[in-house]
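As C-alpha cells, the structure follows; a few thoughts come after it.
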Amino acid sequence: MAKLLKNGKKRMTEDQEFQIMKLVLDKFLWLGFIVMGWGMYQSLSQENILAGLWFMVAGAILLIVFMILVIKEYEIWK
C-alpha cells in the first residue's frame, strides 16, 4: 500500500513506480520504432537509401538517449 506523508500526500510503492516507468518507457520505444520504421519505408520506397538510413540511425540514437534518461531518473528516485 502507498504510505501517507505528513502533508497528506500518498507515497507510491516501488512496484507502482516501476509500473509507471514501464508505461513511460513503452511510449518512448514506440516513438523510436516509428522513426526507424519511417526510415525503412524511405529507404525501400525511394532510390535514395542513404536518407532512410539516416532516419533509422536517428531512431536508434533516440531510443538509446531515452533509455539512458529513464534509467537515470529511476535510479535518482531510489
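The values are calculated or read from the model by the stated rules, or taken from the named source; none is laboratory data. Please read these numbers as outputs of a predicted model, since none were measured by experiment. A quick note on method: Cβ atoms are made from the backbone with ideal geometry, for glycine too, and the neighbour counts reach across all protein chains shown. Note: areas computed on protein heavy atoms with side chains; ligands, DNA, RNA excluded. Shrake-Rupley method; radii C 1.70, N 1.55, O 1.52, S 1.80 Å.
Among the residues of the stretch 32-52, those identified as open to solvent by less than 80 Å² (accessible area, probe 1.4 Å) and out of contact with any helix residue (DSSP H, G or I) (no Cβ under 6 Å at 6 or more places or on another chain) are Gly37, Ser45. Selection of the stretch 1-16 for residues being modelled with pLDDT under 80, surrounded by 10 or more Cβ atoms within 10 Å (Cβ to Cβ) and within 20 Å of Lys72 (Cβ to Cβ) yields only Met12. Residues that are acidic (Asp, Glu) and under 22 Å from Glu14 (Cβ atoms) within the stretch 28-78 comprise Glu73, Glu75, listed in sequence order.
Selection over the stretch 63-78 of residues that are open to solvent by 50 Å² or more (accessible area, probe 1.4 Å) and assigned to a helix (DSSP H, G or I) gives a count of 11.
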